[in-house]
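Novice: Before I ask anything, let me first share the structure, which is written out below as structure tokens.
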Amino acid sequence: MKALDHKLRRDLWKMKGQAFAIILVILSGVSTLVMFLSTMNSLTLTRDIFYRDYRFGDVFISLKRAPESIKHRISEIPGVDTVETRVVADVKLDIKGFPEPVTARLVSVPDDGKPLLNRPYIRKGRMVDPWKDDEVVVSEAFADAHRFSSGDSFTAIINGRFKKLVIVGTALSPEYVIQVRPGAISPDFKRYAILWMGRNAIGTAYDMKGAFNDLVLTLSPHANLNDILAKIDNILDEYGGLGSYGRKDQISNRFLSEEFRQLQRFAEIFPAIFIGVAAFLLNVVINRTVSTQREQIAALKAFGYSTLDIGIHYVKLIIMIVLIGLGGGIGVGIWFGKGLGEIYMEFYRFPYLIYDLRPSVVGIASLVTIGSALLGTVHSVWNAAKVPPAKAMWPEPPARFKETIVEKIGLGRFLSQPTRIILRNIERRPVKAFLSVLGIALACAIMMTSGFFKDAVDFMVDIQFRLSQKEDMSVTFTEPTSRKAVYELKGLRGVEHAEVFRSVPVRLKYGHRSYRTSINGIEQGNRLHFLLDMRLKPVAPPQSGIVLTDYLGTILGVKEGDMLTVEILEGSRPVRQVPVTGLIKQYIGLMGYMDINALNRLMREGNAVSGVYLIADSLYQREIYRKLVEMPRVAGTIVRKDEIRNFYETQAEALLFFTFVATVLTGIIAFGVVYNSARISLSERSRELASLRVLGYTRAEISYIFLGELGLLTLAAIPLGFIIGCGICRYIAIALTSDLFRVPVVLEPNTYSLAAAVVIVSASLSGLIVRHRLDHLDLVAVLKTKE
Amino acid sequence: MLNKKNIDKEAVQTSVSEETVFKVKRLKKVYEMGEVKVHALRGVDLELYSGEIIVLLGPSGSGKSTLLNILGGLDTATEGYVEYRGKDITKATEKELTDYRRYHVGFVFQFYNLIPSLTALENVSVVTEIAKNPMKPEDALSIVGLGERLGHFPSQLSGGEQQRIAIARAIAKNPEVLLCDEPTGALDSSTGIVVLEALERVNRELGTATIIITHNVDIAGMANRVIHLSNGLISEITKNPVRKPPRELHW
Ligand SMILES: Nc1ncnc2c1ncn2[C@@H]1O[C@H](COP(=O)(O)OP(=O)(O)O)[C@@H](O)[C@H]1O
Ligand SMILES: [Mg+2]
């Protein structure tokens, strides 16, 4: 059927405008699918290889101090493979030219300079000489942020002593693929560092000679994780173990897993929308094509082409369009995927990114697009192909029109004739009109999702830092300290207000469920740290009992009034029963809150505090930072303002990328839907419109009749788009909920208006293009041709 | 003029063989348009011999196209039967009908029904590609005098030229019967004559049995037999002792 293939090619060329619009929509769907899935696969593969080659541990635990001999008892647990002990410490850094507080995690390197597990990948320079006490390898992100290179030095306050450290190399680690300070919301490369240093030097500084305070181990295949965790805790409890946990709960790995979950969700939502819209557009266009080719079909059948031949002919046309979109989409998807991968590499520090486009992803993309394209078109193709040839030679019956509802209820007399034509046209094909509206609405919805991320982040930050945590900085002490220590801080010049807090690591248990977190004790009547009830109203800390973040309540399955078992992982490690007296709202992290005195009583300790929240005059900020660095008692300082700023900075690029992609995609869908319906009504109605022109209607009036319909559909689509957009955002929020963070569903007026604007602009653009054709309508030619 | 009762098989012209191509018996066709039933054919009996040219005359709506469509396997009968070379095509399956159209019948329509996106040559190839023993498309086009315009698209050709391509397309498969539904209906008379000449030439050179529908009485002169249809019934069949060459027709 070579001749028919020529027909195919030329038909396709003739409908190139419409085909192009559809191809763009398919391309968008395929490229988002490929982008999300390939990024996910690439990161997964890269992660797995990095974990394997650099021997990421399976089980982790921190403890207070245990003698090295304990290591053997752990090694003997059946299922345990390699065990490595370490000394890990959090230190303050003092960096010339960077006055803000910086903290770092100091990780020991064994005496032979070759860590067995969680091995750092040396990017530049070399590993430290384990017997030198002034050499460090620093995390690459930190080095980059400060433009450090080998040979540069800075000062660290190691167990109260200032120590000049020389950088000998930069490194990445499977343990710190994402470098977030514990408790922080995002990586802060400037203010948080990972440092590797010889075990000997750290051991000396922290009185850990022949002892360790951190343990990593790997398991042999088929080992039972939970059993082993319990056994390890049993052994290390008496050495101040903070509870062992598996990879699943290792923070860097957690962030990665959440990211994969998010990519997976996105790979489901966005491509589905595009491919659905593409199927609808194909349906409309193919419907129109077969109906204008009724007589050609009849002739072909009269010459002995079978129904199947004809069907295959049109299916080829569809497949051709789909294949172009598919091919382009895979190409663009790879390109986007690599771009997105680069963006992820900013957050997630891998030594390299192995781009992985699996054949299965291409397979899924092809299957889904071709499948839905056919699903959307086969019906009309088959119907057209199976008409007996004699029947097809008969013209289709004229479209049936009725009075519209607006006219029926008596508003007709307020309508001009052209307006009536518009309304009747819409009402004549309600399903098609509805699907067009739906298509445009989906475009609007996609745009809203991009605004949603910004709005949700703004809202979270606003709630967390404006309503809940109002301090300028929070200072933590190296160990629980008497409340008197506060006076030292209050006495600093520029400190205007100080409030104490107590933070205790715990394991909360209810029934068979448990969760490891900390309890924060805060003062009654404090002015800086507020708890928010479910309606985000500030509430006082509970007089008695404990309040939990609502999602923690869900995880543990507790409600107000239930008795919670609190295993304290500090000091004498008491286990206590505490009543839950309420649930509070908090978007980031999961915690319990108590009155500080009640917490002190629970711990059977005096009035110990873990740290202080401060309000300070910004004029004296540098001076205060300086003093805090020098105070041996102070373990670290977090400046809220910096934290927020950093959060936005790290997010900015990703947000921009998402907004950009969403805008382009929205434009494509809106343009595609509007352009296609416009072209089709133009082809269906050029006779009618030409006749009106002959009757003396002006171009403007004709355009009004023609574009008015599209305008009306577009306007109707926007509110529907808002509703669908909210729905999608809600779904995303639910899908992304985890103990790390809960995304609130908030959409700012700006997001709505931007979405509407993008839709209106792209719809108008396509309207203008079609109007250009309308203006050049050849009246004579149109009226002469038989429909 | 002969009366219907006096149809005499022996009386066919010498160029026409005795071989029966179509035998139509009590053929009825009812179209149901919702509530209304349209009786397009009310009981037609007819025989067509190979090599013959038949002109079907009758007013608009008399059932000419319906009859032709059923003969050509484009439409199905409501009652009665149609035998093509001894085989009842009213009982044929969809597949058999398709094959019948593919290998045996050539169709020419009033509005040409060319594929606008194909050139003259390709429009003919569309048919030869699926036929069993076709001519070369170029040859079919030369027979209708269009050997020079192979690369033109229908929109670049006049109505008469388009219709001649349609004829080339219809004959290119070497069909046994050529069914033409008002082939000159959309053409002026001089162009019409060129088209009829093409049909006559095909009949003469290839011996293709040909039925030509027209409501133009003047065309009847080129036929062996003229069948008058009125209101779904054959009202009379006339026989021309000699066929007039188309160029001698005027209207
Ligand atoms: N597909 C059809 N559906 C309904 N009615 C039809 C159809 N084809 C023909 N008719 C009706 O059958 C009658 C005969 O039509 P037709 O055979 O086309 O007549 P002619 O070709 O002689 O003008 C007419 O009344 C016509 O309206
Ligand atoms: Mg007719």
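The values are calculated or read from the model by the stated rules, or taken from the named source; none is laboratory data. Predicted, not measured: the structure shown is a model, and the values here were computed from it. Neighbour counts are summed over all protein chains in view; Cβ atoms, including those assigned to glycine, are modelled from backbone coordinates with ideal geometry. All accessible areas refer to the heavy atoms of the entire protein, side chains included, with ligands and DNA or RNA removed. Shrake-Rupley method; radii C 1.70, N 1.55, O 1.52, S 1.80 Å.
Novice: If you check A:Ser186 against the conditions, is it within 20 Å of A:Val91 (Cα to Cα) and either open to solvent by 10 Å² or more (accessible area, probe 1.4 Å) or assigned by TED's automatic domain parsing to the domain that holds A:Arg123 (or both)?
Specialist: On the way: within 20 Å of A:Val91 (Cα to Cα): yes; either open to solvent by 10 Å² or more (accessible area, probe 1.4 Å) or assigned by TED's automatic domain parsing to the domain that holds A:Arg123 (or both): yes.
Yes; evaluated as a whole, the condition is true for this residue.
Novice: Oh, and also: Looking at region B:166-190 only, could you name the residues that are assigned to a helix (DSSP H, G or I) and within 12 Å of another protein chain (Cβ to nearest Cβ)?
Specialist: Listed by number, the residues that qualify are B:Ala166, B:Arg169, B:Ala170, B:Ile171.
Novice: Just a yes or no: is a residue in region A:598-613 part of a strand (DSSP E or B), outside the structural domain of A:Val457 (by TED's automatic domain parsing), over 35 Å from the mean Cα position of the chain (by Cα) and crowded, with 21+ Cβ neighbours inside 10 Å?
Specialist: Looking for residues that are part of a strand (DSSP E or B), outside the structural domain of A:Val457 (by TED's automatic domain parsing), over 35 Å from the mean Cα position of the chain (by Cα) and crowded, with 21+ Cβ neighbours inside 10 Å, one finds at least one in region A:598-613, hence yes.
Novice: If the requirement is being more than 14 Å from chain A (Cβ to nearest Cβ) and either among the basic types (Lys, Arg) or on the phi > 0 side of the Ramachandran plot (or both), which of these qualifies: B:Arg85, B:Arg101?
Specialist: Step by step, each of B:Arg85, B:Arg101 is checked, and only B:Arg85 is more than 14 Å from chain A (Cβ to nearest Cβ) and either among the basic types (Lys, Arg) or on the phi > 0 side of the Ramachandran plot (or both).
Novice: Condition first: more than 15 Å from ligand 2 (Cβ to nearest atom), charged (D, E, K, R) and in contact (Cβ under 8 Å) with a residue 40 or more places away in the chain. Now tell me which residues in region B:19-72 satisfy that.
Specialist: Listed by number, the residues that qualify are B:Lys23, B:Lys25, B:Arg26, B:Lys28, B:Arg42, B:Asp45, B:Glu52.
Novice: Just the residues that are in a helix (DSSP H, G or I) and either outside the structural domain of A:Gly29 (by TED's automatic domain parsing) or open to solvent by 30 Å² or more (accessible area, probe 1.4 Å) (or both), please, taken from region A:354-365.
Specialist: Passing the criteria: A:Pro359, A:Ser360, A:Val362, A:Gly363, A:Ile364.
Novice: For A:Leu43, state whether it is of a type in the set (A, V, I, L, M), under 29 Å from A:Thr377 (Cα atoms) and away from chain B (no Cβ under 13 Å).
Specialist: Here the answer is no, as A:Leu43 does not meet what is asked.
Novice: Tell me whether region B:146-153 contains one or more residues that are under 19 Å from B:Ile54 (Cα atoms) and small (Gly, Ala, Ser).
Specialist: No.
Every residue, every condition in (1) over 27 Å from A:Ala654 (Cα atoms); (2) in contact (Cβ under 8 Å) with a residue 60 or more places away in the chain; (3) more than 14 Å from every other protein chain (Cβ to nearest Cβ), yes or no:
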residue: A:Ala298; (1), (2), (3): yes, yes, no
residue: A:Leu308; (1), (2), (3): yes, yes, no
residue: A:Ile324; (1), (2), (3): yes, yes, yes
residue: A:Gly333; (1), (2), (3): no, yes, yes
residue: A:Glu342; (1), (2), (3): no, no, yes
residue: A:Arg349; (1), (2), (3): no, yes, yes
residue: A:Asp356; (1), (2), (3): no, yes, yes
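Novice: From the list B:Gly151, B:Gly207, B:Gly106, exactly one residue is surrounded by fewer than 17 Cβ atoms within 10 Å (Cβ to Cβ), under 20 Å from B:Leu48 (Cα atoms) and away from ligand 2 (no atom under 16 Å from the Cβ). Which is it?
Specialist: Only one candidate qualifies: B:Gly207.
Novice: Considering B:Asn174, B:Asn203, which residue is more than 16 Å from ligand 1 (Cβ to nearest atom) and at negative phi?
Specialist: Residue meeting the stated conditions: B:Asn203.
Novice: Identify, from the list A:Leu229, A:Leu217, A:Leu236, the residue that is part of a helix (DSSP H, G or I) and open to solvent by less than 20 Å² (accessible area, probe 1.4 Å).
Specialist: On the way: A:Leu229 fails: open to solvent by less than 20 Å² (accessible area, probe 1.4 Å); A:Leu217 fails: part of a helix (DSSP H, G or I).
The conditions single out A:Leu236.
Novice: Now a separate question. Can you find a residue that is touching a Pro at 6+ places or on another chain (Cβ under 7 Å), within 15 Å of ligand 1 (Cβ to nearest atom) and in a loop (DSSP other than H, G, I, E, B) anywhere in region B:215-231?
Specialist: Yes.
Novice: Taking the stated definitions as given, is A:Phe60 in contact (Cβ under 8 Å) with a residue 12 or more places away in the chain and away from chain B (no Cβ under 14 Å)?
Specialist: Yes, satisfied.
Novice: Which of the strands (runs of 3 or more DSSP E) found entirely inside region B:16-118 contain at least 3 residues meeting this: more than 30 Å from A:Asp5 (Cβ to Cβ), at pLDDT 90 or above and within 15 Å of ligand 1 (Cβ to nearest atom)?
Specialist: Correct list: B:20-33, B:36-49, B:53-57.
Novice: So B:Tyr84 passes all but one of these: (1) away from ligand 2 (no atom under 16 Å from the Cβ); (2) surrounded by fewer than 16 Cβ atoms within 10 Å (Cβ to Cβ). Which condition number does it fail?
Specialist: (2) is the only condition that B:Tyr84 fails.
Novice: Of the residues B:Asn231, B:Asn174, B:Asn224, only one is surrounded by fewer than 16 Cβ atoms within 10 Å (Cβ to Cβ), of a type outside the set (Ser, Thr, Tyr) and touching a residue at least 24 places away in the same chain (Cβ under 8 Å); which?
Specialist: Selected residue: B:Asn231, the only one of B:Asn231, B:Asn174, B:Asn224 that is surrounded by fewer than 16 Cβ atoms within 10 Å (Cβ to Cβ), of a type outside the set (Ser, Thr, Tyr) and touching a residue at least 24 places away in the same chain (Cβ under 8 Å).
Novice: Within region A:423-482, how many residues turn out to be among the aromatic types (Phe, Trp, Tyr), assigned to a helix (DSSP H, G or I) and touching a residue at least 12 places away in the same chain (Cβ under 8 Å)?
Specialist: 4
Novice: Which pairs turn up if I take residues in region A:696-707 that are touching a residue at least 60 places away in the same chain (Cβ under 8 Å) and look for partners that are of a type in the set (Lys, Arg) with beta carbon separation below 8 Å, at least 6 apart in sequence or on another chain?
Specialist: Every condition considered, the pairs that remain are A:Arg699/A:Arg693; A:Ile702/A:Arg693; A:Ser703/A:Arg771; A:Phe706/A:Arg685; A:Phe706/A:Arg771; A:Leu707/A:Arg771.
Novice: The conditions are (1) open to solvent by 10 Å² or more (accessible area, probe 1.4 Å); (2) assigned by TED's automatic domain parsing to the domain that holds A:Pro187, and A:Asp309 fails exactly one of them. Which is it?
Specialist: (2)
Novice: Here's another thing I want to ask about it. Has region B:188-199 got any residue that is more than 16 Å from ligand 1 (Cβ to nearest atom), under 22 Å from B:Lys132 (Cα atoms) and not hydroxyl-bearing (Ser, Thr, Tyr)?
Specialist: Pass one, region B:188-199, residues more than 16 Å from ligand 1 (Cβ to nearest atom): B:188-199.
Filter once more, so that each one left must be under 22 Å from B:Lys132 (Cα atoms): B:199.
From what's left, not hydroxyl-bearing (Ser, Thr, Tyr): B:199.
Yes: one or more hits.
Novice: What do you reckon, is A:Leu106 open to solvent by less than 10 Å² (accessible area, probe 1.4 Å), more than 30 Å from A:Glu630 (Cβ to Cβ) and modelled with pLDDT of 95 or more?
Specialist: Criteria not met by A:Leu106.
Novice: Can you name every residue in region B:111-155 that is of a type in the set (S, T, N, Q) and more than 9 Å from chain A (Cβ to nearest Cβ)?
Specialist: Keep residues of region B:111-155 that are of a type in the set (S, T, N, Q), which gives B:113, B:117, B:119, B:123, B:125, B:128, B:133, B:142, B:155.
Scanning region B:111-155 gives B:Asn133, B:Ser142, B:Ser155.
A quick yes/no check of all residues on (1) assigned to a strand (DSSP E or B); (2) at pLDDT 95 or above; (3) not aliphatic (A, V, I, L, M):
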| position | (1), (2), (3) |
| --- | --- |
| A:Arg52 | no, yes, yes |
| A:Arg55 | no, yes, yes |
| A:Ile61 | yes, yes, no |
| A:Ala66 | yes, yes, no |
| A:Val83 | yes, yes, no |
| A:Asp90 | yes, no, yes |
| A:Asp94 | yes, no, yes |
| A:Pro99 | yes, no, yes |
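Novice: Kindly indicate which of A:Arg10, A:Arg65 is of a type outside the set (Ser, Thr, Tyr), more than 36 Å from the chain's Cα centre (by Cα) and within 14 Å of chain B (Cβ to nearest Cβ).
Specialist: A:Arg10
Novice: Further, regarding this structure: Take A:Arg55 and decide whether it is buried (at least 16 other Cβ atoms within 10 Å of the Cβ) and either away from chain B (no Cβ under 14 Å) or among the hydroxyl-bearing types (Ser, Thr, Tyr) (or both).
Specialist: So A:Arg55 fits the description; yes.
Novice: As an exercise: evaluate B:Tyr100 against (1) more than 25 Å from B:Arg204 (Cα to Cα); (2) open to solvent by less than 20 Å² (accessible area, probe 1.4 Å) and give the number of the one condition it does not meet.
Specialist: (1) is the only condition that B:Tyr100 fails.
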